[in-house]
1. Restricting to region 290-339, name every residue that is more than 28 Å from MET73 (Cβ to Cβ) and under 15 Å from the mean Cα position of the chain (by Cα).
2. Quickly run through region 333-347 and pick out the residues that are buried (at least 18 other Cβ atoms within 10 Å of the Cβ) and within 14 Å of PHE393 (Cβ to Cβ).
3. Would you tally the residues in region 1-29 being under 18 Å from THR403 (Cβ atoms), surrounded by fewer than 17 Cβ atoms within 10 Å (Cβ to Cβ) and at pLDDT 95 or above?
4. With respect to ILE262, determine if the residue is of a type outside the set (Asp, Glu), in contact (Cβ under 8 Å) with a residue 12 or more places away in the chain and not in a helix (DSSP H, G or I).
5. Search region 113-133 for residues that are crowded, with 24+ Cβ neighbours inside 10 Å and outside any strand (DSSP E or B) and pair each with any residue that is among the charged types (D, E, K, R) and modelled with pLDDT under 95 when their beta-carbon atoms are under 8 Å apart and the residues are at least 6 apart or on different chains.
6. Restricting to region 92-117, and then to whatever is at pLDDT below 95 and not charged (D, E, K, R), can you tell me which residue is nearest to the chain's Cα centre (by Cα)?
7. For residues that are assigned to a helix (DSSP H, G or I) and hydroxyl-bearing (Ser, Thr, Tyr), scanning just region 58-112, find the one that is nearest to ASN286 (Cα to Cα).
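The values are calculated or read from the model by the stated rules, or taken from the named source; none is laboratory data. If you're wondering where the values come from, they're calculated on a predicted model, not measured in any experiment. Reconstructed Cβ throughout: ideal geometry from the backbone, glycine too, with neighbour counts over all protein chains shown.
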Amino acid sequence: MTTRFENGIVATLGKDNKVLLNGSVVTDGEKVVAVGNSTEMKKRYPNAEALDCNGKVIMPGFICTHHHFYSTMARGMAIPGEPASNFVEILERLWWKLDMALSDEDITLSAQIPLIECIRNGTTTVIDHHASPSMRDGSLDLIENAVRQAGLRASLCYEVSDRNVPGGGIKENERFIKKVGKGDGQIAAMMGLHASFTLSDDTLEKCVGIAKDAGVGCHIHVAEDAADRDDSIKKYGMPTVNRLNKMGASGEKSLFVHCVHIDDSEMDIIAATKTAVVHNPESNMNNAVGVTRVLDLLKKNVLVGLGTDGMSSDMLAQMRAAYLLHRLANHDPRVAFVEAPQMLLQNNAKICERQFGLKLGEIAEGRPADLAIIDYQPPTPISDANFLGHLIFGLVDATVDTTVCKGKILMKDKKILALDEERIAARSRELAPKVWQRL
């Protein structure tokens, strides 16, 4: 079916972003077939179904390059015992208890809720990192089913670690990677690993071998806290990135998440191996682990993307957090105005091209029809030249009205069409207290 999303302000993004006033995006099936002036598009495609986007900005759908769907049921939970005073205690007292308590239905609901929130926030592609040690086998299939039902795109993996059993999760990851193969443009797979400090050399070697044989990358938390770096130096005589690179976990398709506690030589290794880094500003602040030296990484031509680490599914909020955080951390009001949007709008798309083989992140002829259509009446003129100012100080607070992925409208007039939000939330409220009790 051909659809004209017309009468809106179109921000094409891509290398040469164009802002088209009274613009129209025409989609046919899963692709964009034309972009231009609304009057002209109406003449060229008179029989297309028309969707009026007056008072709205039409952008490519947003991308999250690091999420944790499984963390959903922690919302509102009172963590038992003394409050955690450091990052390792946060893992031990919260996340490693929560993931152990998840059943099969919990996993499905924990995916469906953030998928709904992705749709609400115009996020159309997600790279997720899953853990559920008590319900490991088949867990990625449950998440895949939820993603397909929601109509979004996702790259999935299971978080391998030795914390419960040696090599826990290797078989589930290997099975799913084989199942997905080269992917279909909607579902992709990676080799998931927790972090260096929960992985023996033997486990790491097995995981890297599977990943290389399948031609996929490793998705791993790297030096999120100083404890990860200290552990690597103590056990292996080298910092975290050096160890992971020595074991073969780095590379163009791999994601090194966080990279808060790394030095210049480690940055050079990441740059030389073309490994991508994912920055999660809100999560890092929430866990009080420190600030990733994003500006230095970008100067070394490292591909740095933006994720939520399970904190939310709102990518504009993450972009704004990164903008503010790095101005403060660098004591410099001249930085991050370009870099924070670059991570979200350009670098995330480049990371996903490595995962899915798709050129996301730009509205252009032949590109995937993934759109976020946002309520926004610019209070000042909007153009190619000042779009970032509107993005950081205006669109970040605006409401997404319509979300489109693979050419299918998943939310229209702020109503979710793909999933029954009320039923899913009600069932989650019913099961969450039982999960909490099992902690």
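1. Of everything in region 290-339, those that are more than 28 Å from MET73 (Cβ to Cβ) and under 15 Å from the mean Cα position of the chain (by Cα) turn out to be LEU303, VAL304.
2. Residues satisfying the conditions are ALA336, ALA340, PRO341.
3. Result for region 1-29: 1.
4. Values: of a type outside the set (Asp, Glu): yes; in contact (Cβ under 8 Å) with a residue 12 or more places away in the chain: yes; not in a helix (DSSP H, G or I): yes.
It is true that ILE262 is of a type outside the set (Asp, Glu), in contact (Cβ under 8 Å) with a residue 12 or more places away in the chain and not in a helix (DSSP H, G or I).
5. ALA131/ASP99; SER132/ASP99
6. Filtering region 92-117 for residues that are at pLDDT below 95 and not charged (D, E, K, R), the one nearest to the chain's Cα centre (by Cα) comes out as TRP95.
7. At the first step, the residues of region 58-112 found to be assigned to a helix (DSSP H, G or I) are 69-74, 87-101, 104-112.
Then drop every residue that is not hydroxyl-bearing (Ser, Thr, Tyr), which leaves 70-72, 108, 110.
Working: TYR70: 18, SER71: 14, THR72: 16, THR108: 26, SER110: 21 Å.
Once the filter is applied, the top-ranked residue is SER71.
Each row is one residue, and each column tells you yes or no for (1) of a type in the set (A, V, I, L, M); (2) under 29 Å from the mean Cα position of the chain (by Cα); (3) over 21 Å from ILE374 (Cα atoms).
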site: ASN37; (1), (2), (3): no, no, no
site: GLU40; (1), (2), (3): no, no, yes
site: ASN47; (1), (2), (3): no, no, yes
site: ILE63; (1), (2), (3): yes, yes, no
